[in-house]
Amino acid sequence: MKIVLLGAPGAGKGTQATRIAEKYGVVHISTGDIFRKNLKEGTPVGLKAKAFIDKGQLVPDEVTCEIVAERLKEKDCEKGFMLDGFPRNVMQAEALDKMSDVDLVLNIAVDLDKLMARLTGRRVCRECGESYHVSTFAGNKCSKCGGEVIQRADDTEETVGKRLKVYSEQTQPLIDYYTAKGKLQSVDGMKPIDEVFAEVVTVLDKVK
Ligand SMILES: [Zn+2]
C-alpha cells in the first residue's frame, strides 16, 4: 500500500496516521522527521539542506525530493509507505510520480470555518496543561488544579487563520492534481476521531 496523506493542521492527521500505520503495517514517513534525521546525521542530502537553512532560505524542492527519494529506497518501504508532509506542491507531486506509483491520496477534508472555530476555542491550563474548549468551558480557572486557563499564542485567530490559509493555498492544487488522476479519496475530518478512522478503513480496505 503506497499512500499519501493530506490534511489541515489541527485536523487530527497525526492521530489517523498512527492508527493507519498500526492497522496496515505501513511505514509512516513524515517529511519533518526525515529532514531532522538527515540533518542530525549529516548525510550528503542533509548537508545540502543545511546550507539553505543556515542562510535562512527555504530548502528547494529538488533537495526535498532527493531526501524523500532516498528514504523510499530503504528496505522497510518495499511493502509500502504512507507519506505525510510530502508532496507539498505540484512540482513535488510530479517528482513523486517518477519515484513511485502511489495507489491513493487520502485527504482528511475539513470545513475551514469550523476548524477555525475549533482551534481558536482551545484553552489550556497554564499549570497542569489540562485542555478545555470555550464551547463547554467558561471562566479562567482550571477545574483540576485551580490554575489559570489561557489561550496559547498558537491558537489565536490570527495565527490559526494564517496557518489554515497557507494550508489551503498549498493543498488545493494538489487536490486538483490527484483528482484529475483519479487517485484522490476524501474522508470527513470534522467527525469524531473514531468515525473518521472508520471511513479511512473503508477507503483503505479497497486498496490492499
Ligand atoms: Zn490545571
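The values are calculated or read from the model by the stated rules, or taken from the named source; none is laboratory data. This one's a predicted model, so the numbers in the text were calculated from it and none came from an experiment. Neighbour counts are summed over all protein chains in view; Cβ atoms, including those assigned to glycine, are modelled from backbone coordinates with ideal geometry. Note: accessible area is taken over every heavy atom of the protein model, side chains too, but ligands, DNA and RNA are not part of it. Shrake-Rupley method; radii C 1.70, N 1.55, O 1.52, S 1.80 Å.
Under a Cβ-only charge scheme (Lys and Arg +1, Asp and Glu -1), can you give me the dipole magnitude of the stretch 143-208 about the Cα centre, in debye to the nearest 20? If you can, show how the numbers build up before the last one.
Details: 10 positive and 12 negative charges, 66 e Å.
Roughly 320 debye, rounded to the nearest 20.
Report the full-extension gain for the segment Q170 to A138: residue separation times 0.36 nm, less the Cα-Cα distance, to one decimal in nm.
So the extension gain works out to 8.0 nm.
What relative contact order, as a whole-number percentage, does the stretch 1-120 give when Cα pairs under 8 Å and 6 or more residues apart are counted?
Averaging sequence separation for qualifying contacts and normalising by length gives 48 percent for the stretch 1-120.
Considering the options L72, A138, G32, tell which one lies farthest towards the positive end of the dipole of the chain, charges being +1 on Lys and Arg and -1 on Asp and Glu at the Cβ, about the Cα centre.
A138
Would you mind checking the tilt of helix 90-99 against the longest principal axis of the Cα atoms of the chain, expressed as 0 to 90 degrees and rounded to 10?
Taking Cα atoms only, the helix is inclined about 50 degrees.
For the stretch 61-208, build the charge dipole from Cβ charges (+1 Lys, Arg; -1 Asp, Glu) around the Cα centre, then report which of V90, A198, Y177 sits farthest towards its positive end.
A198
Over the Cα atoms of the stretch 71-208, what radius of gyration and what Dmax do you get, in Å?
Computed over the Cα atoms of the stretch 71-208, radius of gyration and Dmax are 19.1, 56 Å.
Give the calculated FRET efficiency between E94 and T159 to the nearest 0.05, with a Förster radius of 30 Å applied to their Cβ-Cβ distance.
0.40
Per DSSP H run of n ≥ 4, the term is -39500 (n - 2.57); total these for the chain, divide by its residue number, and report the mean residue ellipticity at 222 nm rounded to 500 deg cm²/dmol.
-15500 deg cm²/dmol
With N set to the residue count of the stretch 1-139, report its C-alpha Rg divided by 2.2 N^0.38 Å to two decimal places.
My calculation over the Cα atoms of the stretch 1-139 gives 1.25.
Can you figure out the FRET efficiency of E74 with R36, using R₀ = 22 Å and their beta-carbon distance, to the nearest 0.05?
0.85
Restricting to Cα pairs below 8 Å that are 6+ residues apart, what does the relative contact order work out to for the stretch 126-208? Please round to a whole percent.
15
Given a 1.4 Å probe and heavy atoms of the protein chains only, how would you sort E94, E41, E22, largest accessible area at the top?
Working: E94 85, E41 115, E22 145 Å².
Output order, biggest surface exposure first: E22, E41, E94.
Kindly report, to the nearest 10 Å², the accessible surface of C77 as traced by a 1.4 Å probe over protein heavy atoms only.
Accessible surface of C77 is approximately 10 Å².
Against the longest alpha carbon principal axis of the chain, how many degrees, from 0 to 90 and to the nearest 10, is the axis of helix 157-180 turned?
Tilt relative to the chain: about 30 degrees.
Give the angle, between 0 and 90 degrees and rounded to the nearest 10, that separates the Cα long axis of helix 13-24 from the longest principal axis of the Cα atoms of the chain.
The angle comes out at about 50 degrees.
Taking the simple approach of a point 7 Å from Cα along Cα-to-Cβ for both D61 and T179, what is their distance in nm?
Each label point is offset 7 Å from its Cα along the Cβ direction, giving 2.0 nm.
Normalised by the number of residues in the chain, what is the relative contact order in percent for Cα pairs under 8 Å and 6+ residues apart?
Computed over the chain, the figure is 28 percent.
For the stretch 114-166, what is the convex hull volume of its Cα atoms per residue in Å³?
Once divided by residue count, the hull of the stretch 114-166 is 66 Å³.
Distance between Cα centroids, the stretch 1-70 to the stretch 100-156: provide it in whole Å.
25
When the accessible area of the stretch 1-155 is split by element with a 1.4 Å probe, what percent falls to carbon and sulfur?
49
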